[in-house]
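Take a look at the structure set out below.
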Amino acid sequence: MSALDVSAETRPTATASLGALYRLLLRTQVTVPRLLGIAALGALSVLLGVFARWDDDPVQAAADVAASYGLGIVVPLAALWLGTAAIGDLVEDRLLVYLWLKPVARWHLPAAAVLATVTLVVPLAALPLAASALAAGAGEAASAVLLAASLAACAYAGLFVAAGLWFRRAVWWGLAFVLLWENGGARASDGTARFTVTSWARSLLSTIDGVDVPLDGRSAAAALVVLPAVAVGGWLAATVRYRRADVD
Amino acid sequence: MSTEPRVVAEGVSKWFGSLVAVSDVSFDVGPGVTALLGPNGAGKSTMLRMLCGLARPSRGTVRVLGRDPRADVDVARAIGLVPQQESVFEPLTAHGFVRLAATLHGLADPGAAAAAALELVGLDPADTRRLPAYSKGMRQRVKVAQGLVHDPAVVVLDEPLTGLDPRQRAAMIALFQGFGAEGRCVLVSSHVLDEVERLGSRILVMSQGRLAAAGDFRELRALMDDRPLRVRVRTDRPRELAGALLEAGTVVGARLDGDQVLELDTNDARELARALAPAARDRDARLLEVLPLDADLEGVFRYLVQR
């Protein structure tokens with residue numbers, strides 16, 4: 001072959017390259033410690049759901065478990081652990097070189113990383129939260145909990161994939177973000193809550209009949225736009241960084 | 001075969017904060033094998049990263065096939081890189097790893113291309129073991145296979161012979177030379193002089209981030225052999241031996257260090273090697289130790305930089 005005429009060569013289709021990168025990242029993200037850690041968090045949410053069954057208002061109790069423990073701890077930590085590792089591990093292990101020097105649009109890898117992270121976080125963290133609602137005997141809340149947790153997973157995946165590219169020791173920065181901003185900031189005031197993923201995700205729980213969720217001016221309809229927008233923003237930030245980065 | 005340069009670097013520098021890794025390097029590389037020689041830390045890997053677009057030059061320009069490898073992702077189609085790092089995707093098999101590269105290069109049949117590339121480097125495509133189970137040499141060959149799977153016009157190999165046994169080295173060198181003979185541009189970095197000697201006739205020598213020398217290997221080898229050299233000789237009759245060598249003009253300086261040690265300066269190491277033993281025999285002197293000083297590769301590079 002003569003590859004001198006580069007323009008005559010074809011790039012892989014977006015489906016082919018995204019698919020290959022997605023499968024690769026799924027395999028590199030999945031490690032036994034990560035799976036066990038996230039599964040333990042998910043299992044604890046189911047256990048809390050069982051306890052909520054004996055509450056005077058099990059539906060409200062199930063929603064509270066989902067709002068405070070699920071959306072405040074389980075989903076962000078699962079997304080943090082997997083999202084920062086998606087590309088961040090490749091950078092630290094000096095593996096990015098095998099993906100960067102390919103005729104593939106730069107947005108593909110961050111997109112595959114966000115998709116792979118969501119693929120793992122939803123079954124490992126969002127589904128147990130829905131199961132928690134079922135365990136509490138609040139079956140009518142399960143779908144809203146699943147939706148809220150899944151959209152939160154998308155938003156956090158975008159943010160933490162970007163963090164994995166922008167920051168060294170992104171897990172620690174992300175942990176501080178989750179604890180101080182997403183939990184502390186969300187409770188500090190209405191103004192700061194408006195800029196947290198968890199508050200927008202909680203607003204989706206207001207669609208459950210008979211559940212009291214402080215909306216503070218937010219709406220469930222707006223959350224359906226804001227949370228995916230945060231995911232897209234994170235993916236764009238990751239793409240910008242990936243395009244500019246020197247690859248080791 | 002076109003002899004047009006495939007890879008061109010013009011006034012390329014790269015610094016990281018106050019550390020200058022590459023300083024004002026210019027060269028061009030055409031078809032055939034070219035070796036990039038230099039000690040560890042000379043800037044070879046940084047230079048290769050810039051040639052592949054992996055790093056942006058702080059100053060200067062790099063062109064591969066006339067295009068900017070940093071800005072134009074399609075140039076990647078023509079470049080095959082075997083990086084220096086040992087890390088590989090651990091969950092993958094050798095075939096999976098190489099097939100991934102083939103898929104991302106848009107090859108029509110990635111599985112078949114991966115199998116062919118693995119066979120080219122002497123590995124079994126049907127091996128189901130994951131990469132961590134491979135020896136260092138086998139992983140090195142897998143890395144070579146992923147760099148060659150898309151049949152690139154420009155092949156960049158960063159210390160590709162590391163971890164290979166002598167038989168594997170010989171096979172790899174023959175493979176690279178074959179690529180060069182086909183008209184591909186093959187750029188190989190190494191810090192081992194003898195390795196480079198076997199690789200090709202054209203070399204670029206880098207030292208301390210600068211291009212110290214460029215040209216035909218034989219000319220540079222002669223230059224290296226002719227450089228001033230200091231040799232330490234331990235003998236039971238140092239004064240007599242020094243006198244004989246000075247008288248014959250074999251050495252240009254001699255210094256006694258204690259009762260038995262003699263440091264000799266020569267401009268012709270080969271002539272000294274030939275004359276030393278006969279001179280000792282004629283003076284009834286016993287040679288207890290002969291040790292070239294400053295004969296390591298660093299010394300050679302320092303000499304080339306100073307010229």
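Things to note:
- Among residues of the range A:190-248, those that are charged (D, E, K, R) and surrounded by 20 or more Cβ atoms within 10 Å (Cβ to Cβ), counted: 2
- Residues that are over 11 Å from the mean Cα position of the chain (by Cα), surrounded by 24 or more Cβ atoms within 10 Å (Cβ to Cβ) and not small (Gly, Ala, Ser) within the range A:140-177 comprise A:145, A:165, listed in sequence order.
Conditions tested, residue by residue: (1) within 9 Å of another protein chain (Cβ to nearest Cβ); (2) closer than 28 Å to residue B:123 by Cα; (3) modelled with pLDDT of 95 or more.
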residue	(1), (2), (3)
B:51	no, no, yes
B:58	no, no, yes
B:62	no, no, yes
B:73	yes, no, no
B:76	yes, yes, no
B:89	yes, yes, yes
B:101	yes, yes, yes
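- Near pairs, Cβ below 8 angstrom, 6+ apart or cross-chain, from the range A:18-37 (facing another protein chain (nearest Cβ under 9 Å)) to any residue that is of a type in the set (S, T, N, Q) and surrounded by 15 or more Cβ atoms within 10 Å (Cβ to Cβ): A:20/B:103
- The number of residues in the range B:86-101 that are buried (at least 24 other Cβ atoms within 10 Å of the Cβ) and in contact with a Ser or Thr (Cβ under 7 Å, 6 or more places away or on another chain) comes to 0.
- Which listed residue is in the same structural domain as residue B:136 (by TED's automatic domain parsing) and free of Cβ contacts under 8 Å to residues at least 40 places away in the same chain, from B:161, B:211: B:161
- Residues located in the range A:182-196, provided they are under 16 Å from the mean Cα position of the chain (by Cα) and in a helix (DSSP H, G or I): A:182, A:183
- A search for C-beta distances below 8 Å between a residue of the range B:98-122 that is more than 15 Å from residue A:13 (Cβ to Cβ) and any residue that is among the charged types (D, E, K, R) and crowded, with 23+ Cβ neighbours inside 10 Å, counting only pairs 6+ apart in sequence or on different chains, returns B:101/A:102; B:111/B:99; B:113/B:99; B:114/B:99; B:121/B:141; B:122/B:141.
- Matching residues, the range A:80-110, being more than 14 Å from every other protein chain (Cβ to nearest Cβ) and out of contact with any Gly (no Cβ under 9 Å at 6 or more places or on another chain): A:82
- Residue A:247 vs. criteria modelled with pLDDT of 90 or more, among the β-branched types (Val, Ile, Thr) and not in a helix (DSSP H, G or I): yes
- Checked against the criterion of being out of contact with any strand residue (DSSP E or B) (no Cβ under 7 Å at 6 or more places or on another chain), at pLDDT below 90 and surrounded by fewer than 18 Cβ atoms within 10 Å (Cβ to Cβ), the candidates B:258, B:243 yield just one match: B:258.
- The residues of the range B:120-144 that are of a type outside the set (Lys, Arg) and within 12 Å of another protein chain (Cβ to nearest Cβ), listed by number, are B:131, B:142.
- Residues in the range A:234-248 that are more than 14 Å from chain B (Cβ to nearest Cβ), over 13 Å from the mean Cα position of the chain (by Cα) and small (Gly, Ala, Ser): A:237, A:238.
Residue-by-condition table, conditions (1) assigned to a helix (DSSP H, G or I); (2) within 18 Å of residue A:62 (Cα to Cα); (3) basic (Lys, Arg); (4) touching a Gly at 6+ places or on another chain (Cβ under 6 Å):
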| residue | (1), (2), (3), (4) |
| --- | --- |
| A:114 | yes, no, no, yes |
| A:121 | yes, no, no, no |
| A:140 | yes, yes, no, no |
| A:155 | yes, no, no, no |
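- Residues of the range B:28-44 satisfying the condition of being closer than 20 Å to residue B:68 by Cβ and either out of contact with any Asp or Glu (no Cβ under 9 Å at 6 or more places or on another chain) or surrounded by 21 or more Cβ atoms within 10 Å (Cβ to Cβ) (or both): B:29
- Within the range B:49-85, the set of residues being in contact (Cβ under 8 Å) with a residue 12 or more places away in the chain, surrounded by 22 or more Cβ atoms within 10 Å (Cβ to Cβ) and basic (Lys, Arg) comprises B:77 only.
- Residue list for the range B:181-203, restricted to those being of a type in the set (Lys, Arg) and modelled with pLDDT of 85 or more: B:184, B:202
- Scan of the range B:150-183 for residues that are within 12 Å of chain A (Cβ to nearest Cβ), acidic (Asp, Glu) and in contact with a helix residue (DSSP H, G or I) (Cβ under 7 Å, 6 or more places away or on another chain), ordered by number: B:158
- In this structure, residue B:117 does satisfy being more than 9 Å from chain A (Cβ to nearest Cβ), in contact with a Leu (Cβ under 8 Å, 6 or more places away or on another chain) and surrounded by 24 or more Cβ atoms within 10 Å (Cβ to Cβ).
- Residue match in the range B:212-234 (condition: at pLDDT 90 or above, over 26 Å from residue B:51 (Cα atoms), loosely packed, with under 13 Cβ neighbours inside 10 Å and not polar (S, T, N, Q)): no
- Test: residue in the range B:283-305 that is over 30 Å from residue B:202 (Cα atoms), part of a helix (DSSP H, G or I) and modelled with pLDDT of 90 or more: no
The values are calculated or read from the model by the stated rules, or taken from the named source; none is laboratory data. Source: prediction; values computed, not measured. So basically every Cβ, Gly included, is an ideal-geometry build from the backbone, and we count neighbours across all protein chains shown.
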